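Rule-based calculations on the coordinates, nothing more; no lab input. Since the structure is predicted, the reported quantities are computational estimates derived from the model, not experimental observations. Here Cβ is always computed from backbone atoms with ideal geometry, including for glycine, and neighbour counts include all displayed protein chains.
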Amino acid sequence: MQKLIMLKYGELSTKKGNIGLFLNTLKENIVITLDNLDYEIKFDKGRMFVIPHDNFDLIVHKLQNVFGIHEIVIAYEFADNTINSMATNLLDLIKDYEFQTFKVITKRSNKSYPLTSMEVSAKIGGILLKNIPKIKVDIHHPEKIINIELRKEATYLYFETFKGKGGYPVGVLGKGLLMLSGGIDSPVAGYLSIKRGVKLEAVYFESPPHTSQEAKNKVIELAKKLSLYNNNLKLHVINFTEIQEEIYKNIPHEYLITIMRRMMYRISEAIAHDIKAKVLVNGESIGQVASQTLTSMSVINEVVKLPVIRPVACFDKVEIIKIAREIATYETSILPFEDCCTIFVPKHPVINPELTKCIEYEKLIDYETLIKKALKNHEVIKITSDYQKNYEDIL
């Protein structure tokens with residue numbers, strides 16, 4: 001009998017013709033996550049198995065941060081699938097557990113097995129009742145659920161399960177560029193995009209000396225935490241000072257944020273094309289601020305051709321904060337260091353900007369030259385697995 005980790009796919013099992021791509025990507029992501037650990041891995045369309053040679057608990061912990069896994073199961077594998085063998089192994093395994101009620105659930109993917117699932121459950125349950133005093137069956141609210149899986153290659157027993165992250169394996173649906181600020185919303189948007197299989201790089205706009213090194217460090221910390229799910233992450237840092245100062249000097253102040261966001265979108269799209277990203281991702285939430293009304297988003301979005309994904313667009317702030325706490329970005333996001341989106345906010349920003357006015361105002365600055373300069377000199381920070389070591393215990 002061998003102790004191992006069984007991984008259930010959940011949503012991936014619906015992919016039919018594309019299942020091979022999804023499972024191979026999941027395996028590759030697990031290999032990256034379990035770097036330098038000693039284990040074996042095998043899989044088919046129904047299950048994936050990780051067989052640790054040491055560090056069993058650490059491997060379970062790391063797998064809980066891998067998208068594409070619906071459930072993580074501590075299972076016991078054995079070749080003999082007779083009722084007597086199952087019962088003997090089960091009685092040996094369950095002797096260390098205390099319970100008064102139980103239920104047996106059998107799954108029989110091996111259709112050549114001579115008994116039905118219900119017959120196996122009934123026979124195993126009967127043997128437990130005979131051998132363990134003062135226990136009884138409770139099919140509705142059992143203290144202990146005993147799972148049996150009869151597969152062609154082996155039989156598996158398990159009691160312990162952990163919820164996986166679900167979603168799709170990272171990268172299976174291509175690459176996106178996250179517009180990462182120091183706020184609460186954009187890290188959550190990034191996390192939700194990663195969950196749907198999008199491999200991310202990120203862009204951050206700094207404006208020294210108006211923004212501080214602490215503000216930049218805050219965003220790097222957020223990138224580190226997202227990298228736990230993303231299998232490393234590149235952070236593109238754009239010096240936005242000159243562009244922002246030109247906007248402030250030359251553009252009517254009620255349009256400052258609208259024009260500034262249009263510049264950010266142009267720069268983000270240029271980086272996205274360079275890294276072969278298929279979409280832009282941001283943390284905009286409908287109506288939360290002046291630049292996130294439907295009219296504002298439409299006018300700002302007009303400068304790019306790439307699709308823009310807004311995962312938290314229809315979430316309220318309470319919902320966003322809940323996820324931020326779950327992924328341990330909230331406490332970093334609320335650190336009191338301003339980003340360039342907040343330092344020049346006018347008293348009365350326009351909430352329904354006119355596209356014709358934006359186009360006219362932008363003629364007042366040589367933004368194309370400024371953008372080229374910002375792109376040419378931008379910094380790239382590689383958030384690698386070396387960064388992750390300090391963050392493996394945060395979740």
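With 0.36 nm allotted per residue and the present C-alpha distance subtracted, the Gln2-Glu302 stretch has 102.2 nm of extension available.
Put in order of Cβ neighbour count within 10 Å, fewest first, the listed residues Cys358, Cys314 become Cys314, Cys358.
Filter the cross-link list Lys42/Lys130; Lys16/Lys322; Lys95/Lys163 down to pairs whose alpha-carbon distance in this structure exceeds 30 Å. Cα-Cα > 30 Å for Lys42/Lys130; Lys16/Lys322; rest within.
A straight line joining the Cα centroids of the range 328-384 and the range 135-163 runs 54 Å. The 3J(HN,Hα) values that the Karplus relation (6.51, -1.76, 1.60; θ = phi - 60°) gives for the range 319-325 are, in residue order, 5, 5, 4, 4, 5, 4, 5 Hz. Gly and Pro appear as x. Mind giving me the FRET efficiency for Leu58 and Glu153? R0 is 25 Å, r the Cβ-Cβ distance, nearest 0.05 is fine. Using R0 = 25 Å, I get an efficiency of 0.40. For the range 200-342, the ratio of Cα radius of gyration to the globular rule of thumb 2.2 N^0.38 Å stands at 1.05. For the range 208-217, backbone phi angles converted through the Karplus equation (6.51, -1.76, 1.60; θ = phi - 60°) give residue-by-residue couplings of x, x, 5, 10, 9, 5, 4, 5, 5, 4 Hz, Gly and Pro being listed as x.
The reciprocal of the average 1/r between distinct C-alpha atoms defines the Kirkwood hydrodynamic radius, which for the range 156-262 equals 15.9 Å. Compared with the dominant Cα axis of the chain, that is its longest principal axis, helix 117-131 is turned about 60°.
Of the three principal axes defined by the Cα atoms of the range 2-163, the extents in descending order read 47, 33, 29 Å. Computed from Cα atoms, the angle from the helix 241-250 axis to the main principal axis of the chain rounds to 50 degrees.
For the chain, the Kirkwood radius over C-alpha pairs fed into Stokes-Einstein at 10 °C and 1.306 mPa s yields D = 66 µm² per second.
With both labels modelled 7 Å from their Cα along Cα-to-Cβ, the Ala79 to Lys278 distance reads 4.4 nm. In the chain, Cα pairs under 8 Å separated by at least six residues give a relative contact order of 17 percent. Less than 5 angstrom separates the built amide H of Phe240 from those of Glu206, Ser207, all sequence-distant by 5 or more or on a different chain. Residues in the range 42-59 carry Karplus couplings, in order, of 8, 7, 9, 5, x, 8, 10, 10, 10, 10, x, 9, 6, 6, 4, 5, 5, 5 Hz; the curve used is 6.51 cos²θ - 1.76 cosθ + 1.60 with θ = phi - 60°, and Gly or Pro positions show x. In the chain, helical runs assigned H by DSSP with n ≥ 4 each contribute -39500 (n - 2.57); averaged across all residues and rounded to the nearest 500, the mean residue ellipticity at 222 nm is -11500 deg cm²/dmol.
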